[in-house]
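Derivation of every value follows stated rules applied to the coordinates shown; laboratory data play no part. In this text, all values refer to a predicted model and were calculated from it rather than measured experimentally. All Cβ positions, even for glycine, are placed from backbone atoms using ideal geometry, and neighbour counts span all protein chains on display.
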Amino acid sequence: MPTIWFCLIAVMIAAYVVLDGFDLGAGVIHFWVAKDDAERQLVIRSIGPVWDGNEVWLIAAGGTLYFAFPALYASSFSGFYLPLMIVLWLLILRGIAVEFRGHLTAAVWLKFWDVVFAGSSLLLAVFYGAALGNVVRGVPLNEQGYFFEALWTNFRLGQNTGILDWYTIIVGVAALATLALHGALWVGLKTDGPVQARSRSLARRLWWITLALTILVTVVTFSIQPEVPANLTTHPWGYVFPAIALFGLASMWWFMRCQNDFKSFFASCIYITGMLTSVVFGLYPLVLPASTNPAYSLTIQNAKAGEYGLRIGLVWWIIGMALVMGYTIHVYRSFAGKVSADAGEKGY
Amino acid sequence: MLESLTVHRLHFAYTITYHYLFPQLTMGLALLIVILKTLALRTGDEHYDQAARFWAHIFGINFAMGVVTGIPMEFQFGTNWAQFSRAAGGVIGQTLAMEGVFSFFLESSFLGLFLFGEKRLGPRAHWWSAVLVFVGSWLSGYLIVATDAWMQYPVAYRLSTHGEIQLASFWGLLLNPWAIWQYAHNMSGAVITGSFVMASIGAFYLLTKQFQDHAKTFVRVGVIVGLAASLFQLFPTGDAQGRMLAEHQPVTLAAMEGLFATQQGAPIAIIGQPDLQNKRLDNPLQVPHVLSFLTYRRWMSEVKGLDAFPQQDWPDNIPLLYYSYHVMVGLGTIFIAILLLAAWKLRSGTLYASRGVLWALMLSLPFPYIANTAGWMTAEFGRQPWLIYGLMRTAQGVSPQVSSGNVWFTLIGFMGLYTVLSILFLFLVYRVIEHGPREP
């Protein structure tokens, strides 16, 4: 039962990263692909109707983590206190920038909202990557299962780590490149004209950066977290996850060459899902490794909630998710197609 | 220097109090918009659609504020109250996760359609999108109230061998009797806020002689719905909550009422200041026997005072609890008085010209917010010193590794950010009100 929940939460987090990832990525590349106000409005409108629904996945994943693995939720949220609060502030600022851009339309304010939107998106992408890096590297858990990390200490690995060290910064930058690429493919898919042309050419350059960083992160991760190669050696079928990621990355390159925007965006979704599932497979059954003493690590067994709660939860979770699939498809259909400069929808 | 527990409590109190200013209007307006859309559908009168569109603008801005200030709430259980989350997450994580899975997806999907899809959807489908937004927001309210109700009156759990609190009955948690009364009381409080906001803006338009047709609709709907909700707030929901308190949290009831000594035929205090040094109510204005009657339906029944309980179980801020409760009840009584007068004038057809009553309605806008806030303060101060009543003390629930310096840092950060949000919110809503219910 805890294994099922481990997988379901991994799926929810992957869904969040794939969905909110493209609107974060659109924010990161905002100033590169859109050169004047009309073009920037186009970028914002391409994510306008969907970005807040994408963020609901974060809430739903957080809530599900809370009830399925309370000890993990308690330990990681209090240990990552500062970065989480900063993430919250960035999410709030970014939400304001997207929503209020259409209301306060004097030229100075437009510039201001654009900078807030792009800056908060960029920092969020880096922070998410760094958070993932922290989970993989391990945190200084004490005997009671709690820890607290400062934002940075000496940027080295070891017992006294901060949120940011050289490893987590590399993962953060890799996440930034991946999500920027993902966002560029989305904007290319949803727009046409010069914005589309710039997005496509930016995506081609970002692909090479993402490739280089993927190799780097993989090599470094294998050396600092022995659990990952060990899991792959004992369960070789797990190579299917990195294979999915590689397949996504390769097919992305191919579809970008064919200028097939939809398929290259879809390939990027596959790549991100493959990378995240590789990580969680590599750590299983750990959910939060301890850098202090391996015995203090949180696993699915010592972090799980009661058996009855997990079983009853599965029933409502399946019903709820079936409904969510329904609405999500409904909304994406209603807002399908390209956004153009003269469409009559007000508000974005 | 405050100890770190106090700063953690301030952090949660500040962020939740600010957050709840928005959902109460969201939930109240959601119902009122459904009423307007239903009137539009039944009468086929464009007038009601225009009215609904005007309120949808305010609803959209208010909803966005509720979302961005609500996300931090779910995180704070883990960031600031880690020991509580670890022990009780298996129970209250259920209701919080269900809120995400059932309500938020529903609301966010259909709100987009409701706000931007009126032309595309047609009248009947647009009415449905309004109804689903209403259902989503009211469901969300239930799941949050059920979470709080479990902390007030824990049911449906068992203790594991490691001291964790595990869920024992899913329906027991969802159908907690405390949750049902608290929900009814809370939702009618939200409807009161929505009704007063609607009536108040209507009164403003009437007094300034703008948009008079719509203004009359706003005042009429606001007064009728608001009166029904205000009466429901007093009886049966408020009364039932008082009697649940008497049964399950008698020490809280004594502290709320400022009743220091156990007595038969206990009086109810209208005004007075709790004096903890001398254990009495200073300058009291009391009505004899009424507390006994309200609590047990007998004029001479005995009501336990604070002296009947060990001091370590007393709520830790009795004066604030006492004042919150009295502010809530006092304002609730004033609402009933104003709305009865307005409804009487409405029946006799003179309301739209009664400048005095219109002024009262217009100026009353902030008070339902204060009453709702005071009500929640009563519930949460009343629960102290317990985090989960009878099971876990507040001091045992805090995050052990998060120092007060870090909590001050984020509390100050939230204060700054929320100040900016308040300015933007007021500015945008003001513009909508100034533009009024007309086509752009």
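Backbone geometry of the range B:3-19 corresponds, through the Karplus equation with coefficients 6.51, -1.76 and 1.60 at θ = phi - 60°, to 3J(HN,Hα) couplings of 6, 5, 4, 5, 5, 4, 5, 4, 4, 5, 4, 5, 5, 6, 5, 5, 4 Hz, x marking Gly and Pro.
Give the separation of the Cα centroids, the range B:102-153 to the range A:1-37, in Å. Comparing the Cα centres of the range B:102-153 and the range A:1-37, I get a distance of 24 Å.
Here's the picture: a label point sits 7 Å out from the Cα of B:ARG280 along the beta-carbon direction, and within the range B:238-270 the residues with their amide nitrogen under 20 Å of it are B:254-270. Karplus-based coupling profile of the range B:424-433, in residue order and whole Hz: 4, 4, 5, 4, 5, 5, 4, 5, 5, 5, with θ = phi - 60° in 6.51 cos²θ - 1.76 cosθ + 1.60 and x standing for Gly or Pro.
Label-to-label distance, B:SER403 versus B:ARG355, with points set 7 angstrom from Cα along the beta-carbon direction: 6.3 nm. Relative to the current alpha-carbon distance between B:PHE235 and B:ILE271, full extension at 0.36 nm per residue lengthens the span by 10.8 nm. Tell me whether the range B:183-340 comes out rounded, prolate or oblate; compute the Cα gyration tensor, take square roots of the eigenvalues as a ≥ b ≥ c, and use a/c under 1.5 as the rounded threshold. Prolate.
If you run the Gaussian network model on chain A, springs between alpha carbon atoms under 10 Å, then out of A:LEU157, A:LEU122, A:LEU65 the most flexible one is A:LEU157.
In this structure the amide hydrogen of B:TYR157, modeled in the peptide plane, comes within under 5 Å of the amide hydrogens of B:ALA168, none closer than 5 places in sequence on its chain. Residues considered: A:ILE29, A:ILE92, A:ILE270. Largest GNM mean-square fluctuation over chain A, using C-alpha springs under 10 Å, is found at A:ILE92.
Relative to the current alpha-carbon distance between A:ILE4 and A:ILE319, full extension at 0.36 nm per residue lengthens the span by 111.8 nm. The aspartates and glutamates within cross-link reach of B:LYS119, meaning a Cα-to-Cα straight distance under 15 Å and a gap of 8 or more places when in the same chain, are A:GLU345, B:GLU46, B:ASP49, B:GLU439.
Listed by Cβ neighbour count within 10 Å, with the fewest neighbours leading, A:ARG94, B:ARG86, B:ARG280 appear as B:ARG280, A:ARG94, B:ARG86. Translational diffusion of the protein assembly as shown was estimated from the Stokes-Einstein equation, with Rh taken as the Kirkwood radius over Cα pairs; at 37 °C and 0.692 mPa s the coefficient is 117 µm²/s. Need one number for the range A:2-334: average projected area of the convex hull over its C-alpha atoms, nm². Averaged projected area of the range A:2-334's Cα convex hull equals 16.9 nm². Loop-located trypsin sites (Lys or Arg not before Pro) in the range A:10-63 (DSSP state not H, G, I, E or B) with no more than 12 neighbouring Cβ atoms inside 10 Å: A:LYS35. Close Lys pairs in the range A:2-334 (alpha-carbon distance under 30 Å; sequence gap of 8 or more, or different chains): 5. Rounded, prolate or oblate: pick one for chain B, where a ≥ b ≥ c are the square roots of the eigenvalues of its C-alpha gyration tensor, a/c under 1.5 means rounded, and failing that, prolate if a/b is larger than b/c, else oblate. Because a/c hits 1.5 or more and a/b fails to exceed b/c, chain B counts as oblate. The Cα center of the range A:233-279 and the Cα center of the range B:270-300 differ in position by 71 Å. Computed over chain A with a Gaussian network model linking Cα atoms closer than 10 Å, the most mobile of A:TYR296, A:TYR81, A:TYR308 is A:TYR308. Taking only the C-alpha atoms of the range B:20-171, Rg followed by Dmax gives 18.7, 64 Å. Summing charges over all other residues whose Cβ lies under 15 Å from the Cβ of B:PHE260, with Lys and Arg as +1 and Asp and Glu as -1, gives -3.
In straight-distance terms, cross-link reach from B:LYS345 covers every one of the lysines whose alpha-carbon lies under 22 Å from its own, apart from those fewer than eight places away in the same chain; here that gives B:LYS209, B:LYS216. Counting Lys and Arg as +1 and Asp and Glu as -1 over every other residue whose Cβ lies under 15 Å from the Cβ of A:ALA177, the net charge comes to +2. State the Cα centre-to-centre distance between the range B:313-384 and the range A:60-136 in whole Å. Cα centres, the range B:313-384 to the range A:60-136: 37 Å. A simple count of charges around B:LEU206, restricted to other residues whose Cβ falls under 14 Å of its Cβ and scoring Lys, Arg +1 and Asp, Glu -1, yields +4.
Computed over the range B:124-241, the quotient of the alpha carbon radius of gyration and 2.2 N^0.38 Å is 1.45. In order along the range A:114-123, the Karplus-derived 3J(HN,Hα) couplings, from 6.51 cos²θ - 1.76 cosθ + 1.60 at θ = phi - 60°, round to 4, 5, 4, 4, 5, x, 5, 4, 4, 5 Hz, and Gly and Pro are given as x. Using only alpha-carbon positions in the range A:23-103, the gyration tensor eigenvalues give semi-axes of 31, 13, 10 Å once each is multiplied by 5 and square-rooted (largest first). Here's how it looks for A:GLY306: its modeled amide H is under 5 Å from those of B:LEU167, which are all 5 or more places away or on a different chain.
Amide H contacts for A:GLY138 (H built 1.01 Å from N in the peptide plane; partners 5 or more residues away or on another chain; cut-off under 5 Å): none found. Full extension of the segment from B:ALA228 to B:THR43, taken as 0.36 nm per residue of separation minus the current Cα-Cα distance, would add 64.3 nm.
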